[in-house]
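Chemist: My questions all concern the structure below.
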Amino acid sequence: MTKLLVVDDEPRTAELTAALLRRAGYMVEIAASGSDALASVRSSSPDLMLLDYEMPDMEAPEVLDSLRSGADRIAFPVIILTGARHAAGDQVLGIERGATDYIVKGTDRQVLLARVRGALRDRAPETRLIACGRLRIDMASGEAWLGERGLKLERRPQLMLQLLAGRPGEVVGREELLERVWGTNYAGFEHSVEQAAHQIRRALAEPGWIETVRGIGYRFVAQP
Amino acid sequence: MESATGSSPSPEVAAALHRLRSTLARLKAELERAQEDGAAPPLGRLQGDVEEALALLREVERAALGLVSVLVVDDDARLAELTARGLRRMGFDSDSTDAFREPRPGEVVVFDLGLYSGLDEAGRSALRALRPIVVTGATDPGSRALATSLNATDYLVKPVELEDLAAAIRRRMAETSR
């Protein structure tokens, strides 16, 4: 299950945000300060953090700096929640320190959920090209090639291939595929996952790239 | 030296501030009346007021801070959101949608031609009035003619680089302020 960390020093705001996210099917932890947040990250490694910009003990940029060791990228997406819009052309608060996105407080809840989903889906926003042996995927356009041959894939199979190839050798469960590719946790879509896997294999037209792990999910294995 | 009376805001800011105060005053009055009557406050109306207040606040912010608001319309919701996020990271105030909606005041519309066939005549004429930036997956002359018919200020072929899109938005803004 995807784990989110909500950081806000104002308990009502934190609880309301957490409740919204829990209803959307996420597991949510709350931290009430910047130092709390850093401790939570260490103890429970969240998949995404929603970080209030203004807190008494430290502001978001400080938290982001502490999450980074040296020049390393932060290992998970961070969305800044802020009460202040910024003037056009200003560097967005926190973006230059490694935040993925920001949300102005009071934004529609559907928009907030869409941004959380979006940030989770593209956990490595700076990587535009995935290359695994002869397979290359352009994350921006969605195009994929095996050697010089372009692969014809519909959108969902393309997203699924992107997800699998982004984590080579790792088994990705059906539930995660459903949530991240189809945006649902409804198990009735499982046959869609199988159909998508079938389409990917047909497009690759070579055995071995996509392994079925019975009862669990799929694994990408780069072929020579 | 600043004058004691401060500088006067633009007419748009003044109007939005005025409406914001009226909306908040109405909200306060509703709550006071409900408290006096010992009745449940009218939730639907209060929620409407709060949303209106936030929309007005956004108008004030837009005018006061010179925000550039952008609405990215693309039938691929994921691509729309990815583009909008990229624009946010570049300092634009951007939102995304996979179905054309009435934009907020001052919003620049980036429209994917893939959605054109789904628009009725009212939608098409609304879009023409907005002078959108048109994005298309196809390079055929038909789509360029379509963009022209939509009164587009710019025409970009996918995959669109964010820098090119940002430049098109800036051109569009410069044109408006002229």
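Nothing in this text is a laboratory measurement; each read-out follows from the coordinates by a stated rule. From a predicted model like this one, the values you see are computed outputs, not experimental measurements. Note that each Cβ is placed from the backbone with ideal geometry, even for glycine, and that neighbours are counted across all protein chains shown.
Chemist: Hey, how many Å between the Cα centroid of segment A:175-224 and the Cα centroid of segment A:1-77?
Modeler: Taking the Cα centre of segment A:1-77 as reference, the centre of segment A:175-224 is 31 Å away.
Chemist: Say R0 is 45 Å: what FRET efficiency, to the nearest 0.05, do A:Asp57 and A:Glu190 get from their beta-carbon distance?
Modeler: 0.50
Chemist: OK, next. Would you calculate the separation in nanometres between label points at A:Ala75 and B:Asp98, each defined as 7 Å from the Cα along the Cα-to-beta-carbon direction?
Modeler: If labels sit at A:Ala75 and B:Asp98, their model points lie 3.2 nm apart.
Chemist: Here is a further query. For a quick check: with amide H placed at 1.01 Å from N, whose amide H comes under 5 Å from B:Val108's, ignoring anything fewer than 5 positions away on the same chain?
Modeler: Placed amide hydrogens put B:Ser69, B:Val70, B:Leu71 under 5 Å from B:Val108.
Chemist: Check every DSSP H run in chain B and write down those whose alpha carbon atoms cover 30 angstrom or more along the long axis and whose mean Kyte-Doolittle hydropathy is 0.0 or greater.
Modeler: On the way: long enough: B:11-37 (39 Å, -0.56); B:43-65 (32 Å, 0.13).
Qualifying helices: B:43-65.
Chemist: Moving to a separate point now. Please compute the modelled spin-label separation between A:Lys152 and A:Glu206, points set 7 Å along Cα→Cβ, answer in nm with one decimal.
Modeler: 2.0 nm
Chemist: Using a 7 Å offset from the Cα along the Cα-to-Cβ direction at both A:Arg167 and B:Asn151, what is the distance between the two label points in nm, to one decimal?
Modeler: Reported label-point gap for A:Arg167 and B:Asn151 is 4.8 nm.
Chemist: Direction-averaged shadow area of the convex hull around the Cα atoms of segment B:11-65, nm²?
Modeler: About 3.5 nm², averaged over all directions.
Chemist: I would also like to ask the following. Got a sec? Charge dipole of segment A:129-220, +1 on Cβ for Lys and Arg, -1 for Asp and Glu; which of A:Gly133, A:Pro168, A:Ile210 is way out at the positive end?
Modeler: A:Gly133
Chemist: Could you name the aspartates and glutamates in cross-link range of B:Lys28, using Cα to Cα under 16 Å and dropping any fewer than eight places away on the same chain?
Modeler: B:Glu36, B:Asp37, B:Asp49, B:Glu51, B:Glu52
Chemist: Any idea what the dipole of the protein assembly as shown comes to, in debye rounded to 20, about its Cα centre with Lys/Arg Cβ at +1 and Asp/Glu Cβ at -1?
Modeler: My answer is approximately 1040 debye.
Chemist: Right, here's the next one. Using a Förster distance of 51 angstrom, determine the FRET efficiency expected from the C-beta separation of B:Ala34 and B:Leu119, and round it to 0.05.
Modeler: Working: r = 43 Å, r/R0 = 0.84.
Efficiency, rounded to the nearest 0.05: 0.75.
Chemist: Let me ask another. Helix A:155-165 versus the longest principal axis of chain A: what angle, 0 to 90°, nearest 10, using Cα atoms?
Modeler: Approximately 80 degrees, to the nearest ten.
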